[in-house]
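FYI, it's all coordinate maths here, none of it is from the lab. All of these numbers come straight from a predicted model, not from anything done at the bench. Backbone-built Cβ (ideal geometry, glycine too); neighbour counts: all protein chains shown.
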Amino acid sequence: MATAAEINDMPAPAGQPYLFYRHALVVRATHWINALAIFFLLMTGLNIFNAHPSLYWGTHGANPDTALRWLQIGAQNVGGSLRGFIDILGARIDTTGLLGVSTHNGAPSVIGYPAWATFPSYRDLATARSFHFFFAWVLIVNGLAYLAYSLVTGHLRKNIIPNAHDLAPANIAHDVVQHAKLKFPKGEDAKRYHVLQKLAYGGVVVVLVPLVILTGLGMSPANNAAWPWILDIVGGRPNARSLHWVAANLIAIFIIVHVVMVVLAGPYNEIRSMITGKFRIDPETAK
């Protein structure tokens, strides 16, 4: 079997597709462990959120303060039927069937997030918290392993963090147009991440995951006692919970967009590269 270096050193056949070793083993392994951890974190997090489906800004949250509440998922009786809603900064949107009120076991159920989106699918705060904490530590340990590898090898600097050339307005505009047209890189251009990919991946790795971990620690009284400076940074436990929810939702949006782009770009090639490391490079076509 050819090694990564041998695969990349092989001369590219003129006008023919060829394999390029795109992802190292550590990157592939940590990617799939993260995917599993985040899947359970999101679903258990929604179950936990359902215990009190409201968010507040402030430093104290022992008693709900409607004046500081900026988000609420709930239900109300309208004309004799239950209607679900989400209230954001005073703007109320009907979300019946998805948020607030959804069908469960053939009957309307008053619940923040629907049962199919949570783990467990029934209300069980203790089980949800146990799984949530376990996979949170999986994410932390796995993330530290990825970060150590990325710093030692330069992977983070070379492949994830955008440089000055990447951030040039003309380059960003060009990448936006190419993505809007669903035109994916070919030839040598396909061997590297482009600016929108770097901004998305870098935003998750450098901003969102650290933020969700920090705010998660900030919601735990035990961790507050051990590291009181966390609450000083986020400005209180209600702030930590709000920021945690925002960061988690941004990660969920990233995952949805990421999966859609993988499907559009060619799922077989993309998934194979994240399993075996080998990515097929297609030749550039004439303009």
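So what is the 222 nm mean residue ellipticity for the chain from helices alone, if each DSSP H run of at least 4 adds -39500 (n - 2.57) and you divide by all residues, rounding to the nearest 500 deg cm²/dmol?
So the calculated ellipticity at 222 nm is -15500 deg cm²/dmol.
Applying a 10 Å radius around every beta-carbon, put 200-211, 163-174 in order of their mean neighbour count, most first.
Ranking, from highest mean packing down: 200-211, 163-174.
Quick check for the chain: number of Lys pairs with alpha-carbon distance under 13 Å, counting only pairs 8 or more apart or on different chains?
Within the chain, the lysine pair count is 5.
Amide H to amide H under 5 Å from residue 103: which residues, 5+ apart in sequence or cross-chain, H placed 1.01 Å off N in plane?
109
Please report the spacing between the Cα centers of segment 36-56 and segment 111-162 in Å, no decimals.
12
Mind jotting down the three principal axis lengths of segment 63-114 based on Cα atoms? Whole angstrom, largest first.
Dimensions of segment 63-114 along the principal axes of its Cα atoms: 36, 22, 17 Å.
Considering Cα pairs under 8 angstrom that are at least six residues apart, work out the relative contact order of the chain and quote it in whole percent.
24
Taking Cα pairs under 8 Å and at least six residues apart, what relative contact order does segment 63-114 come out at, in percent?
The value is 28 percent.
Quick one: which residues, 5+ away or cross-chain, put their amide H under 5 Å from the amide H of residue 70? H built at 1.01 Å from N.
Amide H neighbours of residue 70: 55, 56, 57.
Can you tally the net charge around residue 68? Count Lys and Arg as +1, Asp and Glu as -1, for every other residue whose Cβ sits under 14 Å from the Cβ of residue 68.
Around residue 68, the surrounding residues sum to +1.
What shape does segment 98-219 take by its C-alpha gyration tensor, where a ≥ b ≥ c are the square roots of the eigenvalues and a/c under 1.5 counts as rounded, a/b above b/c as prolate, and the rest as oblate?
oblate
Collect residues whose amide H, placed 1.01 Å from N in the peptide plane, falls under 5 Å from the amide H of residue 278; neighbours closer than 5 in sequence don't count.
Counting only residues 5 or more places away or on other chains, the set is 22.
Tabulate in residue order the Karplus-calculated ³J(HN,Hα) for segment 40-56, using 6.51 cos²θ - 1.76 cosθ + 1.60 with θ = phi - 60°, rounded to whole Hz; enter x for Gly and Pro.
Those phi angles translate into 6, 4, 5, 6, 6, x, 5, 5, 5, 4, 4, 5, 8, x, 9, 10, 9 Hz.
Students often get this wrong, so try it: which of (i) 1, 6, 13, 18, 20, 18, 12, 7, 3, 1, 0, 0; (ii) 1, 5, 9, 13, 15, 14, 12, 10, 9, 6, 4, 2, 1, 0, 0; (iii) 1, 6, 12, 16, 17, 14, 12, 9, 6, 4, 2, 0, 0 is P(r) over Cα pairs in 5 Å bins from 0, in percent as calculated from the structure shown?
This structure yields the entry labelled (ii).
Could you derive backbone 3J(HN,Hα) for segment 155-160 from the dihedral phi with the Karplus parameters 6.51, -1.76 and 1.60 (θ = phi - 60°), listing whole Hz in sequence and x where the residue is Gly or Pro?
4, 5, 5, 7, 10, 10
Could you give me the ³J(HN,Hα) list for segment 136-144, computed from phi with Karplus coefficients 6.51, -1.76, 1.60 and θ = phi - 60°, whole Hz, x at Gly and Pro?
5, 6, 4, 4, 5, 5, 5, x, 5
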